[in-house]
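Input: a single structure, listed below in structure tokens.
The values are calculated or read from the model by the stated rules, or taken from the named source; none is laboratory data. Nothing here was measured: the structure is a model prediction, and the numbers come from that model. For neighbour counting, all protein chains shown are included, and Cβ atoms are generated from backbone atoms with ideal geometry for every residue, glycine included.
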Amino acid sequence: MFLASLKNELEKLFSRKKYIVFLILDAIGCLLLAIGQLVAKIVANGEFDTSILFDDMLTSSMSPFLTVFIPLMALLAAADLFSGEFHDLSIRMVLLRPVERWQIFCAKITAIFGLCVVFVFSHLVFSLLVKVLFSKTVSGAGYAIGAYLLDLVPMAVLVLLFAFLHQLVKSSGSAVALSVICYIALVILGKYVSFAGGLIFTEYLSWHSIWLGATLPVAVLLPKIGILLGTAIVFYCGGYYLFERKEI
Amino acid sequence: MEKVLEIANLVKLYKNGRGVQNISFSVGEGEVVGLLGPNGSGKTTIMKALTGLCRYQSGAIRIFGADPADSIEKALANVGCLIEQPTLYENMTAKRQLKLMSRYYPQLSNTSVELALKEFGLDRYANEKVRRYSLGMKQRLGIAMALLSDPAFIILDEPGNGLDIESTVELRTKIVSLAKERNKAFLVSSHQADDIEKMCNRVIIIYEGNLIDDVTVEDALRLSPTLEDYFLMKIKAAKNGASFRKGEC
């Protein structure tokens, strides 16, 4: 029943045109970024050596993409599958089927994460295409694929955070507002408040930067993995507890 | 007659004090049982408790021997439900929604979806988005979804809502024939005594969260000219605090 639920949740998400529009916007964004870099280089140096210019093409857009664009997609998907369905009561369609609530909850979370995976890899493919188009090489692709794969780990925790927050309020709008406020607060807390340094999972959204160095800093990584895992467990349990107790 | 549903001393009270208390009844195979009561009497609350949409404080529920509070998967495996108005995915077509729901029943094929659409007169609008449907069409789709898996026990909450006269009669005929010919059990709620009289074998009258009568339609009609009259008599008695029980009046 979990697989049936997962298929349904994915189908529901991808039947919404907004995600296709966002995918197209992402592709256009990659192209514009490359053109912008090219123009800036020409204006500054008069050079036209695209092979050097696009060396870091695959990873240069990762930070804004992973800290703004993907959280936005996860947030919208959580609103569609949780608060939106509770608000218009369409959640009843699923709850009246022979499927346990934990399976529904897990299927929804997995579908949201699946959407993030699709966006992450689409972004990688778009960046690769732009790089090939401008510099006729795929150098750095291996590193980029590794980086994107690693960055999916903290993304999963972010999805669990949004799933949890969407159980706290009834209306879809309030749930989105609460999620945005919490996310911004966590980002600010992690970056600018010293005592919270290292304890907030949003600091690890560029998780690959720790892993893909010359040596693997095991001593640094272990507590960070623990923090991510602990945060994920708290959000999952909290979210499921509230989801399971909801009366419709 | 084997029991498909057994409820014993069900209590579900909301924070505002409304809800239902000490509800006990059962539904057997091939029976069409009507839940009759004024608006807000607790009919929907009973159905929500049965289907796991709300948690009850005490009592016991068994659907085909399974407790929905323990395993909704077992309890609802052979049950079709429509609770309150059909809540559908407005941005999807009827066909797609039925297909999504059919995934929960491995025995169903694409033909089942087509058949359900045809049976409820929705085949012509199968590829139209549900947001363009009228209330009656949505209701028919909701009922089609409840019957999609060919369940042995069907729970329908106010199934006649939004339906025109022809569709209401068709639905009543379908319910009666499914019960008689295929031994399906139904629990149907309504605040229209006429609907219940025409399709049910037994009626359970709920008033202010209490079960005030559980009687066969035949017996009720022996005591009053119509089920409506019988219902009004029972309600009046409940209001006056008198203890009218079957056989006493």
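Which one of A:I28, A:I52 is within 30 Å of A:K136 (Cα to Cα), exposed (fewer than 15 other Cβ atoms within 10 Å of the Cβ) and modelled with pLDDT under 80?
On the way: A:I28 fails: modelled with pLDDT under 80.
None of the other options fit; the residue is A:I52.
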**Report entry** Test: B:D157 is surrounded by 21 or more Cβ atoms within 10 Å (Cβ to Cβ), at pLDDT 90 or above and either under 13 Å from the mean Cα position of the chain (by Cα) or of a type outside the set (K, R) (or both)
**Finding:** yes
Query raised in the report: Can we say B:Q97 is of a type outside the set (A, V, I, L, M, F, W, C), away from chain A (no Cβ under 11 Å) and touching a residue at least 40 places away in the same chain (Cβ under 8 Å)?
Result: no
Report task. Kindly indicate whether any position in the stretch A:230-240 is surrounded by 14 or more Cβ atoms within 10 Å (Cβ to Cβ), without any contact (Cβ under 8 Å) to a residue 12 or more places away in the chain and over 27 Å from A:V118 (Cβ atoms). Result -> no
Report task. Taking the residues in the stretch B:11-36 that are at positive phi and in a loop (DSSP other than H, G, I, E, B) as candidates, determine which candidate is farthest from the chain's Cα centre (by Cα). Result -> B:G17
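Would you point out which residue out of A:A44, A:A4 is modelled with pLDDT of 75 or more and within 14 Å of another protein chain (Cβ to nearest Cβ)?
Working: A:A44 fails: within 14 Å of another protein chain (Cβ to nearest Cβ).
Selected residue: A:A4, the only one of A:A44, A:A4 that is modelled with pLDDT of 75 or more and within 14 Å of another protein chain (Cβ to nearest Cβ).
Table: residues versus (1) in contact with a Pro (Cβ under 9 Å, 6 or more places away or on another chain); (2) surrounded by fewer than 23 Cβ atoms within 10 Å (Cβ to Cβ); (3) touching a residue at least 40 places away in the same chain (Cβ under 8 Å).
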| position | (1), (2), (3) |
| --- | --- |
| B:I23 | no, no, yes |
| B:V32 | no, no, yes |
| B:L36 | no, no, yes |
| B:L50 | yes, no, yes |
| B:G59 | no, yes, yes |
| B:G65 | no, yes, no |
| B:E73 | yes, yes, no |
| B:L76 | yes, no, no |
| B:C81 | yes, no, yes |
Report summary line: Residue count, the stretch A:190-200, condition in a helix (DSSP H, G or I), closer than 20 Å to A:G226 by Cα and either free of Cβ contacts under 8 Å to residues at least 12 places away in the same chain or among the polar types (S, T, N, Q) (or both), comes to 3
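Kindly provide the set of residues from the stretch B:47-84 that are polar (S, T, N, Q) and either over 19 Å from A:K246 (Cα atoms) or facing chain A (nearest Cβ under 8 Å) (or both), ordered by number.
If we filter the stretch B:47-84 for residues that are polar (S, T, N, Q), which is where we start, we get B:51, B:57-58, B:71, B:78.
Selection gives B:T51, B:S71, B:N78.
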Query - So A:E11, is it modelled with pLDDT under 95 and either in contact with a strand residue (DSSP E or B) (Cβ under 9 Å, 6 or more places away or on another chain) or within 14 Å of another protein chain (Cβ to nearest Cβ) (or both) - result: yes
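Is it true that B:K118 is in contact with a strand residue (DSSP E or B) (Cβ under 7 Å, 6 or more places away or on another chain) and over 24 Å from A:V99 (Cβ atoms)?
On the way: in contact with a strand residue (DSSP E or B) (Cβ under 7 Å, 6 or more places away or on another chain): no; over 24 Å from A:V99 (Cβ atoms): yes.
Here the answer is no, as B:K118 does not meet what is asked.
For the stretch A:146-182, what are the residues that are among the aromatic types (F, W, Y) and at pLDDT 90 or above? Outline the logic, then answer.
Restricting attention to the stretch A:146-182, the residues satisfying the condition of being among the aromatic types (F, W, Y) are A:148, A:162, A:164.
Within the stretch A:146-182, A:F162, A:F164 meet the criteria.
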Requested in this report: Residue by residue through the stretch B:85-94, note down the ones that are more than 8 Å from chain A (Cβ to nearest Cβ) and of a type outside the set (G, A, S).
Outcome: B:Q85, B:P86, B:T93
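Condition test on A:L212, is it within 21 Å of the chain's Cα centre (by Cα), more than 30 Å from B:S149 (Cα to Cα) and modelled with pLDDT of 85 or more? Talk me through it step by step, then tell me what you get.
Numbers: within 21 Å of the chain's Cα centre (by Cα): yes; more than 30 Å from B:S149 (Cα to Cα): yes; modelled with pLDDT of 85 or more: no.
No, not satisfied.
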Query raised in the report: Is the stretch B:223-244 home to any residue that is under 13 Å from the mean Cα position of the chain (by Cα), among the hydrophobic types (A, V, I, L, M, F, W, C) and in a helix (DSSP H, G or I)?
Result: no
